[in-house]
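Input: a single structure, listed below in structure tokens.
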Amino acid sequence: MSGTRRRGRGGAAGKATRLTRRGRVLLWIAGTFSALILAVAGVGAWVYTDLNGNIHGADVDDKLGGDRPANLSPGSQNILVVGSDSRDGANAEYGKGLTTMQSDTLMVVHVAADRKWASVVSFPRDSRVEIPACDKGDGTKSSAHHFKINEAFAIGGTSGEVAGAAACTIRTIEANTGLRIDHFMSVDFQGFKGMVDALDGIEVCPKSAIHDKKAHLDMEAGCQTVKGEKALGYVRTRYSVGDGSDIGRIGRQQEFMEALTEKAHSKLTSPKSLYGFLQSATKSLTTDEELAGIKPLYDLASELKGIPSDRLGFLTVPNYPREADVPTDKANVVWQFPQAADLFSALARDKEVDKKELEASVKDPVYASKVRVQVLNGSGVTGRAAAVAEELRAEGYIVVGTGNAPDEQRTTEVTYAQGQDRQGKVLASRLPGVRAEQDAAAASGTVTLVVGKDYDGLR
């Protein structure tokens, strides 16, 4: 069974930072930044070997299966980054009664083939998606089902191995986005706390007091330096700040990493602080085997540091509260289509996404609950239309009728009546490879889904 182990490949040899909204810095910088500092500081070979041996390598290849998306843009890279929060050891006091392994932060870093631009896409952990069947690492396999996206990490990590947790998360991201994931990085929050402590804390400036029992956090308003459990609580807090959404927490975490990185730069001349920071950073990091070492991480960081700041885009998957589609569900968000599908398609083809254009396109969403669908069975399988209709209803679509198509057909089709082009695109964009087309014969106010032999469910 593949697992997680420490890797060693060998090789050669302030001032408080105010938290601002000037920009966004990737969470994974906490890991790759160690390699970058090594080159700048010129540390000795023994330190290189010591830190290199801290990094964990996880073999996930045999857990991913063969039904993976094709690589549509050779030379580009998609790197899955997970902020993990295991519920054992030092993390046991958080999340009582939860599954052993949890992912609190999830994003994909797309690095363009020409290395002239990159996009960082954050996935709200409350996103309701399909979790594919995964090897749980305890001799059993989960069944495919819909749930919050971060459950994938917990399911795959049932046995406590990051390899399994990462593999199930990769499968989930690939199944729901069509992006092929090339590498992954997992940063444990306890290591994050050690990085903050090694730098003597980070200054934050909350506009209002924060009292969050779940995050074990009590803070007054105003600027203050946080470290230890308070720093960890600050990046984990959610319900007691702003609108209580996971979207807000994503922004705070990205801002905190900006401040962390800036202060690490200011500590380059302090060997003790620098070494403590690097020790915590490398010990907290688990990657796929190909990235598991100081040299490959440094090579990646070297490629990225030349990307201009105005070509580094920070995006969040377009989404809205699922309550708009299913009034009883107040706990989840769903991705907004077709905008989410357009985002994933662009990155899969190595096309740069304009953040302003993306934000403008999501201002007037068409909810699934506003799409009226007629389902016709063209698959030749008895009862297929009824089964697909139930799937659509579960996602909030209004099914106005079912029946059989005039003929059996291999491919699934979506057509729409005049004036229903946006509704047709919402449904079609959830079916990979399907385009919506207007049909003059379609009933007014409806979208028609003809289920072909190739139908494989909504993404």
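Any read-out appearing in this document is the output of simple, stated calculations on the displayed coordinates, not a laboratory observation. All values derive from a computational prediction rather than experimental measurement. Counting neighbours? That spans all protein chains shown, and the Cβs are built from the backbone with ideal geometry, glycine included.
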Considering the convex hull of the alpha carbon atoms of the stretch 410-452, report its projected area averaged over all viewing directions, in nm², one decimal. 2.7
Hits among aspartates and glutamates - C-alpha to C-alpha of Lys263 under 18 Å, sequence gap 8 or more where chains match: Asp197, Asp200, Glu203, Glu255
How many times 2.2 N^0.38 Å is the alpha carbon radius of gyration of the stretch 368-451? 0.97
Determine the sum of side-chain charges near Tyr455: Lys and Arg each +1, Asp and Glu each -1, restricted to other residues whose C-beta is under 11 angstrom from that of Tyr455. -1
Residue separation times 0.36 nm, minus the C-alpha to C-alpha distance between Lys141 and Ala221: what's the value? 24.1 nm
Cross-link pairs Lys330/Lys355; Lys141/Lys330; Lys116/Lys272; Lys136/Lys267; Lys148/Lys351; Lys63/Lys330 - those with Cα-Cα distance over 31 Å: Lys116/Lys272; Lys136/Lys267; Lys63/Lys330
Looking only at the stretch 324-350, which residues have a backbone nitrogen under 12 Å from a spot 7 Å from the Cα of Leu72 in the C-beta direction? 341-350
Based on alpha-carbon positions alone, could you give the equivalent ellipsoid semi-axes of the stretch 328-373 from the gyration tensor, as √(5λ), descending, whole Å? 23, 12, 12
Distance (nanometres) between label positions extended 7 Å along Cα→Cβ at Asp407 and Asp354: 4.2
Where in the stretch 403-426 does the label zone of Gln438 land, with the point 7 angstrom along Cα→C-beta and an amide N cut-off under 20 Å? 413-426
Calculate how large, on average over all directions, the projected area of the Cα convex hull of the stretch 312-424 is; give the answer in nm² to one decimal. 9.1
Would you list, by chain and number, the lysines whose Cα falls below 18 Å from the Cα of Lys295, excluding same-chain residues fewer than 8 positions away? Lys283, Lys305
Net lengthening on full extension, Asp310/Lys272 (0.36 nm per residue, minus Cα-Cα): 10.2 nm
For Lys213, go through the aspartates and glutamates and keep the ones whose alpha-carbon is under 16 Å away, minus same-chain ones fewer than eight residues off. Glu93, Glu229
